[in-house]
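To start, the structure itself, in structure tokens.
We did not get these values from a lab; they are worked out from the coordinates using the rules stated. Since the model is a prediction, treat every value here as computed from it, not as a measurement. FYI the Cβ positions are ideal-geometry reconstructions off the backbone, even for glycines, and counts take in every protein chain you see.
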Amino acid sequence: MGDWGRQLAMSYLYLGIVLFFTAHVVAAMRSRGPGNLREKIGYGPYMGLFSLVSGSGLALMIWGYGQARIDPTNILFWTSPEWTRHIVLAIMPISLILLVSAYVPTGHIKKCVKHPMLAAVKIWAAAHLIYNGDLASVLLFGSFLAYAVFSRIMAKRRGDNGPAISKASVKGDLIAIILGLGFYVVTVLWLHTLLIGVPAVVHG
């Protein structure tokens, strides 16, 4: 890809961030009652529109970030020591376990954390900012970190204390841990390279 193509990729990253987080911020700021968008257009159309906008934004972010990393205009703010990569690798299993626990109906993890999805995003974003100090990374991971913090604040203001789990089960925790670690292995060995173009583990 030439210089023009890489610079275009940076624009795709910007556009993806705007689309993805606009959809999510609007959802986080939703008001209750007949005046909100979901009530006006209906739940089905609302979720369809939300999925279309956020999905398009996510796809643009993934592709744009993978290309923007090698853009000559991608400013380097700081260079982290190579050993910080191991910190990221050590922290990421926690993030992925929390991510999976958000979709498991019961579990002590989900009950205690309350919003495991947002906690997973904060850990993932903060961990990657430790190692990546370039403009594209700061934009991508910084946006996710800021959104997760903002969304948690808005949830608290709405009185949303997470899902009501009357009886948590160890089974739910085991499912989250096993699937989270499995996802971690797949990501490290294959998915990270496929999506970003850079292996999570560098040998040699």
Simple spin-label estimate for residue 153/residue 86, 7 Å along Cα→Cβ, in nm, reads 3.7 nm
Report the gain in length on full extension from residue 103 to residue 25: 0.36 nm times residue separation, minus Cα-Cα distance, nm rounded to one decimal. 26.0 nm
In the range 124-204, the trypsin sites (Lys or Arg not before Pro) that fall in loop regions by DSSP, at most 11 other Cβ within 10 Å: 167
Distance in nm between label sites at residue 114 and residue 181, each 7 Å beyond Cα in the beta-carbon direction? 2.9 nm
Straight-line reach from residue 171: which lysines fall under 16 Å, measuring Cα to Cα and dropping same-chain residues less than 8 apart? 110, 111
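Taking R0 as 25 Å, what FRET efficiency do you get between residue 188 and residue 77 from their Cβ-Cβ distance, rounded to the nearest 0.05?
On the way: r = 26 Å, r/R0 = 1.03.
FRET efficiency, residue 188 to residue 77: 0.45.
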Let me check I have the definition right: for the chain, take the eigenvalues of the Cα gyration tensor, multiply each by 5, take square roots. What are those semi-axes in whole Å, largest first? 30, 24, 14
Quick check on the chain: helices-only [θ] at 222 nm, where DSSP H runs of length 4 and up contribute -39,500 (n - 2.57) each and the sum goes over total residues. Nearest 500, please. -23000 deg cm²/dmol
Net charge within 12 Å of residue 114 by Cβ-Cβ distance, Lys/Arg positive one each and Asp/Glu negative one each, not counting residue 114 itself? +3
